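Quick one: the structure is below, and I'll ask about it shortly.
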Amino acid sequence: MIDALGHYKILSQLGTGGMGDVFRARDTILGRTVIIKVIPQTITADPERRARFLQDTRAEAARVLEEILD
């Protein structure tokens with residue numbers, strides 16, 4: 001398992017699936033816990049799969065923001 005991605009210290013691996021690996025990490029600059037999804041190059045190289053990933057990510061970010069604002 002990797003130890004870090006940029007300024008994110010990897011704490012644990014949460015899962016693996018068709019869209020990549022998911023990690024719990026610590027943002028060493030902002031001092032907060034985050035979730036990072038590392039997607040394989042096969043997804044980033046395919047415009048349709050990349051668009052789907054970005055759509056899913058935006059939808060999840062909007063849902064989380066809505067929860068915070070409620």
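Residues that are of a type in the set (A, V, I, L, M), open to solvent by 70 Å² or more (accessible area, probe 1.4 Å) and out of contact with any helix residue (DSSP H, G or I) (no Cβ under 6 Å at 6 or more places or on another chain): which strands (runs of 3 or more DSSP E) entirely in the chain hold 2 or more of them? Show your work before the answer.
Working: elements: 8-17, 20-27, 32-38.
Correct list: 8-17.
A further question on this structure: Counting only residues that are over 20 Å from residue 14 (Cβ atoms) and out of contact with any Lys or Arg (no Cβ under 6 Å at 6 or more places or on another chain), how many does segment 32-53 have?
Just the residues of segment 32-53 that are over 20 Å from residue 14 (Cβ atoms), to begin with: 41-42, 44-52.
When the remaining residues are screened for being out of contact with any Lys or Arg (no Cβ under 6 Å at 6 or more places or on another chain), the result is 41-42, 45-52.
Counting residues in segment 32-53 that are over 20 Å from residue 14 (Cβ atoms) and out of contact with any Lys or Arg (no Cβ under 6 Å at 6 or more places or on another chain) gives 10.
The values are calculated or read from the model by the stated rules, or taken from the named source; none is laboratory data. Since the model is a prediction, treat every value here as computed from it, not as a measurement. Glycine also receives a Cβ, built like all others from the backbone with ideal geometry; neighbour counts cover every protein chain displayed. Heads up: the accessible areas ignore ligands, DNA and RNA and are worked out on the full protein's heavy atoms, side chains in. Shrake-Rupley method; radii C 1.70, N 1.55, O 1.52, S 1.80 Å.
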